[in-house]
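*Asks:* Please read through the structure below; I'll follow up with questions.
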Amino acid sequence: MIFDFHCDTVHKIDRAGELLNNPAAHLDLCRMKAAGYKLQTFAAFVDIGRCGEGGAWGEALSLIQRLKSAIEENDALISVVQSRGELSDNLERGKMSALLSVEEGDVIDGNVSRVEILAGLGVRMTTFTWNYDNGISGCAASGSDKGLTPMGYDFLSEIERRGIISDVSHISDRGFYDIAAAAKRPFLASHSNSRAVCGVRRNLTDDMIKIIAERGGVVGLNYYADFIGGDGSIEALMHHAVHIKNVGGAEVLALGSDFDGIEDNPYIKDASAVVRIGETLLSSGFSNDEADLVLFGNAKRFLYDAL
């Protein structure tokens, strides 16, 4: 089984049928089913620096609806899950699950009451930032020392109240520690690697990994070559897996491909290549049980606790 905590495939869905079979995307339902996927988190990614007439909020609503419509078109294969019970039912039926997320917390445009609308639409996960500092927090990409703003603390409180999972990928270091200090529920880094292995700010320090592990969270391995380092191969990704395991334990590792949000990685070209990650975990010293934890077990446990 495969659980994946992040993709941006919504931006490759323009017409009916493109979620089912789309060679132009890294991921579609046909390849997911063939590879043994059981859950995919689909992000409504909004670039707040390039929003059209409707602004970030209008763009977010449009993308969420696009995702929901594409998933509903393929109801025999996949459905949106909002609770532990719905996820469990799909697993028992052999049906794939879609978890809806937002990538860029400030799509709310300063209006925290909009979190209730997102929750009502089925969103169950959100980042606080993307690659811009915003009204909620600083981000990793800017190198900002800005943490959560007063609105950011209100946002954190409200998403936890509404059952939306906090995703610390993309946030500034100070923002991470602000969330760690204030959050009452487990949180995750849906698509981040180890900064000790590849020293980019989008990756997590060892201390961050330890905190996520201690709080019952998970770290989703990101397949972007620039965040992997070296040659960007699966073997290079395993350096991150082994290091994160050594720092936080095998129970903190998960998958967070960032498919369709990253440039092509010839070593992990699409969803069909993810099977090789399981094989390479075994050849990198992970036991069968530990490999299963990385591929799906830790993500399942986390979602059963968090949803």
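The values are calculated or read from the model by the stated rules, or taken from the named source; none is laboratory data. All figures in this text were calculated on a predicted structure; none of them were measured in a lab. Cβ sites come from the backbone with ideal geometry, for glycine too, and all protein chains shown count toward neighbours. Calculation scope for accessible area: heavy atoms of the full protein, side chains included, ligands and nucleic acids excluded. Shrake-Rupley method; radii C 1.70, N 1.55, O 1.52, S 1.80 Å.
*Asks:* What number of residues in the stretch 44-101 are open to solvent by 50 Å² or more (accessible area, probe 1.4 Å), within 18 Å of Asn22 (Cα to Cα) and touching a residue at least 24 places away in the same chain (Cβ under 8 Å)?
*Replies:* Residues flagged as open to solvent by 50 Å² or more (accessible area, probe 1.4 Å), within 18 Å of Asn22 (Cα to Cα) and touching a residue at least 24 places away in the same chain (Cβ under 8 Å) within the stretch 44-101 amount to 2.
*Asks:* For residues in the stretch 255-281 being among the small types (Gly, Ala, Ser) and part of a helix (DSSP H, G or I), which is surrounded by the most Cβ atoms within 10 Å (Cβ to Cβ)?
*Replies:* Of everything passing the filter in the stretch 255-281, Ala271 is surrounded by the most Cβ atoms within 10 Å (Cβ to Cβ).
*Asks:* Consider Asp206 against the criteria (1) among the acidic types (Asp, Glu); (2) free of Cβ contacts under 8 Å to residues at least 40 places away in the same chain; (3) closer than 18 Å to Glu251 by Cβ: it satisfies all of them except one. Which criterion is unmet?
*Replies:* With respect to (1) among the acidic types (Asp, Glu); (2) free of Cβ contacts under 8 Å to residues at least 40 places away in the same chain; (3) closer than 18 Å to Glu251 by Cβ, Asp206 is out only on (2).
*Asks:* Moving on. Taking helices (runs of 4 or more DSSP H) that fall entirely within the stretch 150-254, which contain at least 2 residues that are in contact with a Lys or Arg (Cβ under 6 Å, 6 or more places away or on another chain)?
*Replies:* 234-248
*Asks:* What pairs come out if I take residues in the stretch 276-295 that are free of Cβ contacts under 8 Å to residues at least 60 places away in the same chain and pair them with residues that are of a type in the set (D, E, K, R) and open to solvent by 10 Å² or more (accessible area, probe 1.4 Å) whose C-beta lies under 7 Å away, six or more apart or interchain?
*Replies:* Thr280/Glu235; Leu293/Glu251
*Asks:* In the list Gly217, Gly248, Gly285, which residue meets the criterion of being modelled with pLDDT of 95 or more, under 30 Å from Ala183 (Cα atoms) and open to solvent by 10 Å² or more (accessible area, probe 1.4 Å)?
*Replies:* Gly248
*Asks:* Considering only the stretch 248-270, state which residues are small (Gly, Ala, Ser) and under 15 Å from the mean Cα position of the chain (by Cα).
*Replies:* Across the stretch 248-270, the qualifying residues are Ala254, Gly256, Ser257, Gly261.
*Asks:* Can you list residue pairs whose Cβ atoms sit under 7 Å apart, with the first residue in the stretch 181-193 being surrounded by fewer than 24 Cβ atoms within 10 Å (Cβ to Cβ) and the second being in a loop (DSSP other than H, G, I, E, B)? Count only pairs 6 or more apart in sequence or on different chains.
*Replies:* Note: pairs meeting the criteria are Pro186/Arg215; Pro186/Gly216; Pro186/Gly217.
*Asks:* Restrict the check to the stretch 199-208 and report whether at least one residue is surrounded by fewer than 23 Cβ atoms within 10 Å (Cβ to Cβ) and under 16 Å from the mean Cα position of the chain (by Cα).
*Replies:* Looking for residues that are surrounded by fewer than 23 Cβ atoms within 10 Å (Cβ to Cβ) and under 16 Å from the mean Cα position of the chain (by Cα), one finds at least one in the stretch 199-208, hence yes.
*Asks:* Between a first residue in the stretch 134-155 that is more than 13 Å from Ala182 (Cα to Cα) and open to solvent by less than 30 Å² (accessible area, probe 1.4 Å) and a second residue that is assigned to a loop (DSSP other than H, G, I, E, B) and of a type in the set (A, V, I, L, M), which pairs have beta carbons less than 8 Å apart while being 6 or more apart in sequence or on different chains?
*Replies:* Sorted first by the residue in the stretch 134-155, then by its partner, the pairs are Asn134/Ile48; Ile136/Leu148; Ser137/Leu148.
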